[in-house]
Amino acid sequence: MKNYAKFFAPFLLALFGLTPAAFSQTQTPPKAPANAKPHVRTITAFVTLDRSQYQLQFAETAKFLGYAKTVFESRGYTVETLRIVTQPFPDYTKDLSTDDAIRFFKNLDGLADQHHVRLSIGSAYLSGNDGDAQADLLAAVLQNTKNIFGNLAITKDSGINWPAVNAAARLIKKLSETTEHSEGNFHFAANASVPPYSPFFPGAYHTGAGHQFAIGLASAGLLTTAAQNAPDLAAAKRQIVDAFYNAAFDVEDAALRIDREQGWIYMGLDLSPASSQGASIGAAIEAISRQPLGSSGTMTAVGVITSALKDIGARRTGYSGVMLPVLEDPTLADRWNQGRLSLDQLLSYSAVCATGLDTIPLPGDTTVEELARIIGDVATLSVKWNKPLSARLLPVKEKHAGEMTEFTDPFLINGLIRPVPGKEQVQ
């Protein structure tokens, strides 16, 4: 048994009911350099699009994002992506036919490609009127573009919008059947109580005046480094607060400089410690629980991280909580493939974290009704606890439970397709 097990075993035996043997299976994540800065996952600009001058707006916004990127790079940050978010797309397509709207979005997609940015066209169903037509148009846009993301609001006025839940399920099913490798659903989320001005896609949208921006970090590695080797949960929380306090205010200082010099309003930092294939939120959780993800103690570790992030006093926006994207995170993908994580477990962790169900691979024969039930569970949990959650579900055409996905998107890790909960018992 490793030496640290002798030291920590009494504490964790009492806390989680663990055996000493469990420690021998736990690997401490590699420690990052103390002076390493998290990557900036995204600088996201929010624009109120005017169809009469959208090309000029796009060019001006891309120029602003380029300036913001330069400021962060001058401070030693790596900036991974630049993104633009419009107001909800029905606001500027309501007088267009479906064919004309699709042509317009193809033009926008071309502009996004030209300027090397990603684009979110905001939410469908925010008004609740003409929702099926909005969902159908969003599906058509995502089928015909490569840089555009979108979402659909499944809650309204602190309640569940059940027609929107069903529309989201139909949209997901359509994208799974009509996009290559069923990857269109990577660009779509069903939003439950998600606030505006999140910099992260696909849940991002805004309803304000525009000319605003927000920052999102790829900070899972920072979180892992901060949490490891803590003697107890209280120390783990303190170490996370210290690390994220320094990072958050350094980012805020740079962002406020951009605000002053460019006249774009800084909305805040989404503190969610986004993961990547090189830095895992799963590894950070295991550094705290000292058990494989999915074991007893996982909920506690997620709660510790969430509590720590809430104590950061910097200007915040978006989710600002723990994200668990199964197929964007190497540790999460491994634990999913091993059967240690399930859809229901991930949903239960959402009671104390942020995202809901993110990049969940499902069989291609998952029905609209089954998708609606899963999305409805996410909406119910969101309304119950008044917290932002979303569902990004990835049913794969002609794939069955027990098979591996064959995604080609570089941001996705291929994983094992598992049965829809309950379906494995009903044959």
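The values are calculated or read from the model by the stated rules, or taken from the named source; none is laboratory data. The structure displayed is predicted, hence computed values, not measured ones. Neighbour counts are summed over all protein chains in view; Cβ atoms, including those assigned to glycine, are modelled from backbone coordinates with ideal geometry.
Some points to look at:
- Considering LEU152, LEU138, LEU126, the condition of being closer than 19 Å to VAL368 by Cβ and more than 17 Å from the chain's Cα centre (by Cα) is satisfied by LEU138 alone.
- The listed residue being surrounded by 21 or more Cβ atoms within 10 Å (Cβ to Cβ), of a type in the set (Lys, Arg) and on the phi < 0 side of the Ramachandran plot, out of ARG392, ARG373: ARG392
- Taking the criterion of being part of a loop (DSSP other than H, G, I, E, B), on the phi < 0 side of the Ramachandran plot and without any contact (Cβ under 8 Å) to a residue 40 or more places away in the chain, the residues of the range 403-425 that qualify are GLU403, PRO410, GLU424, GLN425.
- Verdict on PHE149 being touching a residue at least 40 places away in the same chain (Cβ under 8 Å), assigned to a helix (DSSP H, G or I) and closer than 22 Å to PHE46 by Cα: no
- Tabulated pairs, the range 291-314, first at positive phi, second surrounded by 21 or more Cβ atoms within 10 Å (Cβ to Cβ), C-beta under 6 angstrom, 6+ apart or interchain: GLY294/ARG335; GLY294/LEU341; GLY297/SER289; GLY297/GLN291
- Condition check for VAL117: over 19 Å from GLY203 (Cα atoms), under 21 Å from the mean Cα position of the chain (by Cα), touching a residue at least 12 places away in the same chain (Cβ under 8 Å) and buried (at least 17 other Cβ atoms within 10 Å of the Cβ): no
- Residue check, SER127 under 29 Å from GLY268 (Cα atoms), at pLDDT below 95 and buried (at least 21 other Cβ atoms within 10 Å of the Cβ): no
- Where a residue in the range 62-80 is under 13 Å from PHE213 (Cα atoms) and its partner, wherever it lies, is part of a helix (DSSP H, G or I), with Cβ under 6 Å and at least six apart: ALA62/HIS115; PHE64/GLN262; ALA68/ILE258
- For the range 224-242, taking the residues that are within 26 Å of PRO330 (Cβ to Cβ) and not in a helix (DSSP H, G or I), the one that is nearest to the chain's Cα centre (by Cα) is identified as GLN228.
- When the range 222-243 is filtered for residues that are in contact with a Ser or Thr (Cβ under 8 Å, 6 or more places away or on another chain) and surrounded by fewer than 24 Cβ atoms within 10 Å (Cβ to Cβ), the ones remaining, listed by number, are GLN228, ASN229, LEU233, LYS237, ALA243.
- Single residue of ASP334, ASP344 found to be crowded, with 17+ Cβ neighbours inside 10 Å, of a type in the set (Asp, Glu) and not in a strand (DSSP E or B): ASP334
- Screening the range 148-178 for residues that are of a type in the set (S, T, N, Q) and surrounded by fewer than 20 Cβ atoms within 10 Å (Cβ to Cβ) and picking the one that is farthest from LEU362 (Cα to Cα) gives SER158.
- Subset of the range 243-264 [of a type in the set (A, V, I, L, M, F, W, C) and over 23 Å from the mean Cα position of the chain (by Cα)]: ALA254, LEU256, ILE258, TRP264
- Residue check for GLY278: crowded, with 22+ Cβ neighbours inside 10 Å and within 26 Å of LEU412 (Cβ to Cβ): no
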